[in-house]
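Have a look at the structure below, then the notes.
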């Protein structure tokens, strides 16, 4: 599992990086539940990247173009698939990153890669 999220300002009530922190926690919970079923999982270090459509001008937010996010995600998945990983999940809590698959819809490497 790859937790992913931007550095994004949400206001004074939440820290910058909330999305990636939540994504990481989701991965930990999923891994714990899968472990109870005897399934070993790997949590990759969080990838701090994202497209922030609505908050990109807020102080502290860092946004990349949606095409850049898609390309980086594709390259990560392709690299891991080439190394033999068969099941890879990108986990994002950020709507702007993968809401309805808008920005990561072309990030899946072609089958047979690796």
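Each value in this text was obtained by applying a stated rule to the coordinates, not by laboratory testing. On a predicted model such as this, the values are computed, not experimentally measured, just so you know. Positions of Cβ are generated from backbone atoms using ideal geometry, with glycine treated the same way; all protein chains shown enter the neighbour counts.
Here are the numbers for this structure:
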| quantity | calculated |
| --- | --- |
| Hits in the stretch 15-38 (condition: out of contact with any helix residue (DSSP H, G or I) (no Cβ under 9 Å at 6 or more places or on another chain), loosely packed, with under 13 Cβ neighbours inside 10 Å and assigned to a loop (DSSP other than H, G, I, E, B)) | 37, 38 |
| Qualifying residues in the stretch 62-72 (those that are touching a helix residue (DSSP H, G or I) at 6+ places or on another chain (Cβ under 9 Å) and assigned to a helix (DSSP H, G or I)) - the one farthest from residue 44 (Cα to Cα) | 66 |
| Condition check for residue 59: in contact (Cβ under 8 Å) with a residue 40 or more places away in the chain and in a loop (DSSP other than H, G, I, E, B) | yes |
| Pick from the stretch 1-14, criterion part of a loop (DSSP other than H, G, I, E, B) and within 13 Å of the chain's Cα centre (by Cα), ranking: surrounded by the most Cβ atoms within 10 Å (Cβ to Cβ) | 6 |
